[in-house]
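Enquirer: Sending over a structure as structure tokens; questions will come in a sec.
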Amino acid sequence: MNNLYTVLIVCSILAGCNNNSFNIEVGSPVEINSKFGKIKLVLKDNDITIDKIEYFDKGNKLFLSQEFDERGIIVTKLNHHEKDSSSYSTYTSFLSGVFSEKVNDTLIKETYHNLVTTREYKFNNDILYLDMFENGEKRYNALNMKLIDSEWLSENKVKLLLKNYFPYNGEFEFYYLNSRDKIKSKKLEENYYMVEFQKNSEKVSSIQFDVEIIPSVKDSLMNSVFTQEIFLKY
């Protein structure tokens, strides 16, 4: 969320500076560039409000995007790019502050939204775990699994050896993307899983699937589903 307010402050500064005046065409985003990366602001059609913010690293790789609506609800997507895999996390949150709405000539409704807190656990700059709290209560958590080895069983079937590096005693269920169709999997030992994935096409550079966290009574994690991307080795 700090990124969001940083962007809004930057935009306010630019708008108040005579040397940085912009005429924005409909459908054309605003880009803010620096040596650390780029921020792209997409405005709504026929409006001056922000529809979406995209954040790119210095390699021009998208790592975070936020979309907005008139109620102040934000849909945030985090892209975690690693050497052999990427994970994607999506969650909703709210803008802070008071939102006023005129009901009639005498009555005004005001709505208060609290900020959502997100945390990330990293090792050597690799994200191993993240979670999201709303009003002090955990709403979502996700893990990032690493590809240890792979073996091709046929032209469109691959066996993956995956490892979860975050301390976790529960189980995982693997599903084909955006479905409840299970992928054949087996827990070999603590944190190691063998997953047998059937592809629809013969040549793709990566595969994506959903992973369900099924925590044990010893875990602090909650049940949730995240999407994992694995880059294939040929």
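Enquirer: How much net charge surrounds Pro215 when only the other residues with a Cβ under 13 Å from the Cβ of Pro215 are counted, with Lys and Arg +1 and Asp and Glu -1? Spell out each step's value before the answer.
Expert: Details: positive: Lys138, Lys218; negative: Asp131, Glu171, Glu173, Glu212, Asp219.
For residues surrounding Pro215, the net value is -3.
Enquirer: Output the relative contact order of region 152-195, whole-number percent, from Cα pairs under 8 angstrom with separation of 6+ residues.
Expert: Working: 47 pairs, mean separation 18.0, N = 44.
Relative contact order of region 152-195: 41 percent.
Enquirer: Find, among the trypsin sites (Lys or Arg not before Pro) in region 161-195, those assigned to loop by DSSP (not H, G, I, E, B) with at most 13 other beta-carbon atoms within 10 angstrom. It would help to have the intermediate numbers written out before the result.
Expert: Details: sites: Lys163, Arg180, Lys182, Lys184, Lys186, Lys187; in loops: Arg180.
For trypsin sites (Lys or Arg not before Pro) across region 161-195 that sit outside H, G, I, E and B with at most 13 neighbouring Cβ atoms in 10 Å, the list reads Arg180.
Enquirer: With a 1.4 Å probe and every protein chain kept in, tell me what percent of the accessible surface of region 107-231 is carbon plus sulfur.
Expert: Carbon and sulfur: 46 percent of the exposed surface of region 107-231.
Enquirer: On a straight-distance basis, which lysines could pair with Lys218 in a cross-link, Cα separation under 30 angstrom, same-chain partners fewer than 8 positions away excluded?
Expert: Leaving aside lysines fewer than 8 places away in the same chain, those within reach of Lys218 are Lys77, Lys122, Lys138, Lys146, Lys159, Lys163, Lys182, Lys184, Lys186, Lys187.
Enquirer: Provide Met132, Met194 ordered by accessible surface of protein heavy atoms (probe 1.4 Å), highest first.
Expert: On the way: Met132 10, Met194 55 Å².
From most accessible down to least: Met194, Met132.
Enquirer: Ok, one more. Given the options Phe209, Met194, Thr227, identify the residue whose Cα lies farthest towards the positive end of the charge dipole of region 191-234 (+1 on Cβ of Lys, Arg; -1 on Cβ of Asp, Glu).
Expert: Of the candidates, Met194 comes out farthest on the positive side.
Enquirer: Any chance you could tell me what percent of the C-alpha pair distances in region 107-231 go past 26 Å? Could you put the intermediate results ahead of the total?
Expert: On the way: 2295 of 7750 pairs.
For region 107-231, the fraction of Cα-Cα distances above 26 Å is 30 percent.
Enquirer: Using 0.36 nm per residue of separation minus the Cα-Cα distance, give me the extension gain between Asp149 and Asn46 in nm, one decimal. Could the numbers behind the result be given before it?
Expert: On the way: separation 103, 0.36 × 103 = 37.08 nm, distance 5.08 nm.
Taking Asp149 through Asn46 to full extension adds about 32.0 nm, to one decimal.
The values are calculated or read from the model by the stated rules, or taken from the named source; none is laboratory data. Keep in mind that what you see is a predicted model, and the values were worked out from it rather than measured. Note: ideal-geometry Cβ built from the backbone for every residue, glycine included; neighbour counts use all protein chains shown. Just so you know, the surface numbers come from the protein's heavy atoms only, side chains and all, with ligands and any DNA or RNA stripped out. Shrake-Rupley method; radii C 1.70, N 1.55, O 1.52, S 1.80 Å.
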